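Written below as structure tokens is the structure these notes are about.
The values are calculated or read from the model by the stated rules, or taken from the named source; none is laboratory data. From a predicted model like this one, the values you see are computed outputs, not experimental measurements. Using ideal geometry, Cβ is built from the backbone for each residue, glycine included, and neighbour counts are taken over all protein chains shown.
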């Protein structure tokens, strides 16, 4: 029996972690190259507008934006007592917003902050989240970014 009752709890935990990081909020909301110098956005201006607790973006806006999506998937049995799967973060931004004043691209900055919040941490499933892999992604000619995956384990 799979018992995915913890999935909603884990999804909310991931979302709460992202929303608690003011630098991530600034990076996804403010389009300026010096986004860290801007005010802290209201969480209501971020959820379902820039950060989505699911794999897809319902529709891209006419304005240039940065997005983070969160997905859980590829779960399978590990013996008879545990299951493992992946939580994937996809960070995409309009190509005109890649540049920052911080010596890295906006996508790289957000991924670094996500990794600080997630890699080798507890609070979801059992054990620690473990970095799995990352790669580039392009949605269309204007929006590009990267995804990063972490492996998690839970009871069946």
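Summary table below
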item: Count of the stretch 122-146 residues which are outside any strand (DSSP E or B), exposed (fewer than 15 other Cβ atoms within 10 Å of the Cβ) and touching a strand residue (DSSP E or B) at 6+ places or on another chain (Cβ under 7 Å); result: 3
item: Cβ pairs under 6 Å, 6+ apart, first in the stretch 15-40 and free of Cβ contacts under 8 Å to residues at least 24 places away in the same chain, second assigned to a helix (DSSP H, G or I) and buried (at least 17 other Cβ atoms within 10 Å of the Cβ); result: 26/35; 38/26
item: Among (1) at pLDDT 95 or above; (2) loosely packed, with under 11 Cβ neighbours inside 10 Å - the single one residue 69 does not satisfy; result: (2)
item: Test result for residue 139, at pLDDT below 95 and touching a helix residue (DSSP H, G or I) at 6+ places or on another chain (Cβ under 7 Å); result: no
item: Positions within the stretch 58-67 being touching a helix residue (DSSP H, G or I) at 6+ places or on another chain (Cβ under 6 Å) and within 23 Å of residue 11 (Cα to Cα), in sequence order; result: 66
item: Meets criteria (assigned to a strand (DSSP E or B), surrounded by fewer than 14 Cβ atoms within 10 Å (Cβ to Cβ) and modelled with pLDDT under 90) for residue 76; result: yes
item: Residues of the stretch 83-104 that turn out to be under 16 Å from the mean Cα position of the chain (by Cα) and modelled with pLDDT of 95 or more, as a count; result: 6
item: Residue count for the stretch 45-73, restricted to those that are outside any loop (DSSP other than H, G, I, E, B) and more than 19 Å from residue 19 (Cβ to Cβ); result: 1
item: Residue within the stretch 90-111 that is out of contact with any strand residue (DSSP E or B) (no Cβ under 9 Å at 6 or more places or on another chain), over 22 Å from residue 135 (Cα atoms) and either surrounded by 18 or more Cβ atoms within 10 Å (Cβ to Cβ) or without any contact (Cβ under 8 Å) to a residue 12 or more places away in the chain (or both) present; result: no
